[in-house]
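Working notes, beginning with the structure itself.
Read-outs throughout are calculated quantities, based only on the coordinates presented, and are distinct from any laboratory measurement. In this text the structure is predicted, and so the values were computed from the model without any measurement. All Cβ positions, even for glycine, are placed from backbone atoms using ideal geometry, and neighbour counts span all protein chains on display.
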Amino acid sequence: MSVSGDMPLIVTIDGPAGAGKSTVARRVAGALGVDFLDTGAMYRGVAAAVIDAGIDAEDSDAVGALAEGMHIGFNWGTDPPRLKVDGVDVSHRLRDADVTANVSLVAGNSRVRRVLVKAQRWIGKEHPRLVTEGRDQGSVVFENATIKFYLDASPEVRARRRADQLRAAGRTNVDEEKILHRIVHRDERDSTRTDGPLMCPEDAERIDSSDMSLDEVVELMTKRARAEIGVGVDE
Ligand code: DC
């Protein structure tokens, strides 16, 4: 059952690091038969470009200038869409430790945010049936979204999930305490910045997934989205 061809549908999913947003958003988009936008990947793409250009992430002028001069977008012909910065596929860099360590600082740069908010709204115009996830999708980028969610989980649960993912990927000696510390630090930085802080929009449904499986979260969101758009769904 997918959303019928010409009906605009923007579903926003915001929330802190490690709440399962990417997995959930991708699966909800699949269930609804619409596109999926990972906005964290865009901030990570800018952070990778900053590092690879030898720029100090604390140098806000240089970071802002780099972001304003770059062309950032996705190749929508691949599944999932791959991120390109100035025509170069940078998807392989996005999860690297140096990028993860610097991305929150880069995401706090107002010029970077202005560039990416504009790019995301443009993507929303080109792909008007979209599940988009990030920190400011319902509060800033798509204020008039069809349906908004805020996906949360306790820091301990998020740290455990991240540790499990790393172990499943074959990493040994995973330090869960350290992961927890980093998550708390990143949440703090993401929610206290002045521009586009991590927050639950007033008109969003807050879902705490601490005691839910990701399957249950996907089912709940898909059900809500279908109910919201009612008749505009193909059986
Ligand atoms: O979701 P993620 O871990 O890939 O996000 C990477 C960073 O980008 C994280 O520090 C939060 C930030 N971010 C943001 O500020 N706004 C968004 N819309 C998406 C991500």
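Key figures for this structure:
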read-out: Isotropically averaged projected area of segment 96-178, using the convex hull of Cα atoms (one quarter of hull area), nm²; value: 7.3
read-out: Low-density loop positions, trypsin sites (Lys or Arg not before Pro), segment 151-207 - DSSP coil, at most 15 other Cβ in 10 Å; value: ARG171
read-out: Lysines whose Cα lies under 26 Å from that of LYS223, excluding same-chain neighbours fewer than 8 positions away; value: LYS21, LYS125, LYS148
read-out: Rg/Rg_ref, segment 138-195, where Rg_ref = 2.2 N^0.38 Å and atoms are Cα; value: 1.46
read-out: Sparse-neighbour loop sites [GluC sites (Glu not before Pro); segment 94-162; at most 14 other C-beta within 10 Å; DSSP]; value: GLU143
read-out: Summed side-chain charge close to ALA62 - residues other than ALA62 whose Cβ falls under 12 Å, Lys, Arg +1, Asp, Glu -1; value: -4
read-out: Computed FRET value (nearest 0.05) for ASP211 with GLU188, which takes r as the C-beta separation and R₀ as 22 Å; value: 0.35
read-out: Net lengthening on full extension, ARG160/ASP52 (0.36 nm per residue, minus Cα-Cα); value: 35.8 nm
read-out: Local electrostatic count, VAL11, Cβ distance below 10 Å [Lys/Arg +1, Asp/Glu -1]; value: +1
read-out: Fraction of beta bridges assigned by DSSP in the chain that are antiparallel (%, nearest 5); value: 30
read-out: Rg and Dmax of segment 105-235, Cα atoms only, in Å; value: 16.9, 51
read-out: Compactness relative to 2.2 N^0.38 Å, alpha carbon Rg of the chain; value: 0.99
read-out: Net charge over other residues, Cβ less than 13 angstrom from the Cβ of GLU219 (K, R count +1; D, E count -1); value: +2
read-out: Reference-scaled alpha-carbon Rg (2.2 N^0.38 Å with N residues) for segment 22-119; value: 1.08
